[in-house]
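Visitor: This structure is in structure tokens; I'll ask about it shortly.
A short reminder: the numbers here are calculations on the coordinates, not readings from a lab. Model, not experiment: these values are computed from the prediction. So basically every Cβ, Gly included, is an ideal-geometry build from the backbone, and we count neighbours across all protein chains shown.
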Amino acid sequence: METCCATKGGTSKVAEGHTIHALAARLNTAFGGQPVRVSSPQHTFAAEAGRLNGHEMRQASAHGKNLLVAFADAPTLHVHLGMFGSFSVRAHKRAIRDGWLRTEPPASGSERLRLLTLTHLGDLRRPMQCRLLDDDGVAALLDRLGPDPLAPEQDPDAAVRVLHRSRREIGLLLVDQSVVAGIGNVYRAELLFRAGLSPWLPGSAVDLNLLRTLWSDATYLMSIGTAAGWIITDTRQVEQAAPYLDRGERVPRWPKVYAVYGRAGQPCRRCGTPIDSAAQGRQRIFWCPRCQPFVDD
């Protein structure tokens with residue numbers, strides 16, 4: 001079985017933090033607690049890969065859209081896939097001779113980094129960021145990131161207070177990784193629709209209880225996305241996915257159904273009003289003008 005960007009059954013462009021949490025879990029299952037052969041078939045990361053080669057992979061963890069892979073007695077690998085990166089992880093069945101693989105899986109040359117053991121192969125391609133960090137570098141990275149809805153130790157009230165103190169638009173705040181780590185454009189649009197919030201409202205204009213509900217919904221939907229391996233926000237599809245998740249089974253990849261994301265000009269599924277779209281930050285936001293009215297008290 002292959003996992004690409006921590007999704008099963010195919011390649012996915014990474015824009016949401018839940019994908020990185022799923023990838024970290026997959027890396028821990030495949031490589032955790034083992035010495036790993038680390039190389040750079042592309043040769044652009046060869047010196048850094050050599051510093052990790054042969055070391056035991058201790059723990060992969062996700063912090064928003066950032067992947068941190070800790071090795072014993074070696075620096076930490078920091079990866080940010082961006083919009084075009086992929087990290088495929090798969091089991092292989094290569095023949096073993098004299099304690100190692102008789103032949104190694106072929107490389108295309110496009111791999112920035114390769115992880116290899118007797119049973120699994122991980123190939124990193126086209127990441128936005130791939131580097132080694134010492135302990136101070138890891139601490140500095142984490143200090144720059146906001147709370148992650150998927151991190152169990154996060155304090156929801158602390159995150160809500162940051163949102164409520166700002167006069168910036170709530171649509172901008174949700175995708176600012178220094179404010180909230182892990183929410184991308186799809187979740188931003190769908191979460192705001194589910195909350196009935198205009199993306200143009202200042203964070204300070206949103207009721208604290210509604211912000212708490214928004215945070216809880218982000219945790220809920222992103223947890224489902226992590227378990228399923230793809231973004232599920234439609235209420236009916238969430239209900240359909242629940243039995244699979246309860247049984248620990250793979251959730252089928254149904255056609256994606258979104259309330260507003262990517263549906264500019266199409267009728268709102270709830271009220272029939274045409275979905276609106278505009279640039280907000282570096283990406284486009286989608287919203288229903290009737291279901292998400294701009295009301296700034």
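Visitor: Quick one: which of 140-148, 66-74 comes out on top by average Cβ neighbours within 10 Å, and what's the full order, highest first?
Guide: Put in order of decreasing packing, that is 66-74, 140-148.
Visitor: Students often check this: by mean Cβ neighbours within 10 Å, which of 249-257, 122-130, 102-110 ranks highest, and how do the rest follow?
Guide: 122-130, 249-257, 102-110
Visitor: I would also like to ask the following. Got a sec to turn the phi values of the range 220-225 into Karplus ³J(HN,Hα) couplings, 6.51 cos²θ - 1.76 cosθ + 1.60 with θ = phi - 60°, whole Hz, x for Gly and Pro?
Guide: For the range 220-225, the Karplus curve yields 5, 5, 6, 5, 5, x Hz.
Visitor: Please name which of A62, G85, G265 has its Cα lying farthest along the dipole of the chain towards the positive end, using unit charges on Cβ (Lys, Arg +1; Asp, Glu -1) and the Cα centre as origin.
Guide: It is G265, whose Cα lies furthest towards the positive end.
Visitor: Dipole size in debye (nearest 20) for the range 163-297 around its Cα centre, Lys and Arg Cβ +1, Asp and Glu Cβ -1?
Guide: The dipole magnitude comes to about 300 debye.
Visitor: Moving to a separate point now. Only four residue types carry charge here, +1 at the Cβ of Lys and Arg and -1 at the Cβ of Asp and Glu. Report the dipole size of the range 54-103 about the Cα centre in Debye, rounded to the nearest 20.
Guide: 320 debye
Visitor: Now, a different point. Apply the Karplus curve 6.51 cos²θ - 1.76 cosθ + 1.60, θ = phi - 60°, to the phi angles in the range 205-211 and return the couplings in whole Hz, x for Gly and Pro.
Guide: Working through the residues one at a time gives 8, 8, 4, 4, 5, 5, 5 Hz.
Visitor: Right, another one. Can you list residues whose amide H is under 5 Å from Q59's amide H, if they're 5+ apart or on another chain and H is modeled 1.01 Å from N?
Guide: Under 5 Å from the amide H of Q59 lie the amide H atoms of A70, each far enough along the sequence or on another chain.
Visitor: Using Cα-Cα distances under 8 Å and only pairs 6 or more residues apart, what relative contact order does the range 156-287 have, in percent?
Guide: Computed value for the range 156-287: 23 percent relative contact order.
Visitor: Another question, if that's okay. Please give the charge dipole size of the chain, origin at the Cα centre, charges +1 on K and R Cβ atoms and -1 on D and E Cβ atoms. Round to the nearest 20 debye.
Guide: 1100 debye
Visitor: Moving to a separate point now. Using the per-residue mean of other Cβ atoms lying within 10 Å as a proxy for protection, in what order, highest first, do the peptides 81-94, 177-190, 210-223 fall?
Guide: Averaged packing, sorted descending, gives the order 177-190, 210-223, 81-94.
Visitor: Also, I was wondering about something else. By how many degrees, 0 to 90 and rounded to 10, does the Cα axis of helix 17-31 deviate from the longest principal axis of the chain?
Guide: 20 degrees
Visitor: Once the Cβ-Cβ distance between W254 and D157 is put in as r, and R0 is 35 Å, what FRET efficiency do you end up with, to the nearest 0.05?
Guide: With a Förster radius of 35 Å, E is 0.50.
Visitor: Now for a different question. Between the range 119-176 and the range 194-251, how far is it from one alpha carbon centroid to the other, in angstrom?
Guide: 18 Å
Visitor: Using Cα pairs under 8 angstrom and six or more residues apart, how large is the relative contact order of the chain, in percent?
Guide: Result for the chain is 16 percent.
Visitor: Which value in deg cm²/dmol, rounded to the nearest 500, describes the helix-derived mean residue ellipticity at 222 nm for the chain, given -39,500 (n - 2.57) per DSSP H run of n ≥ 4 and division by the residue count?
Guide: -9500 deg cm²/dmol
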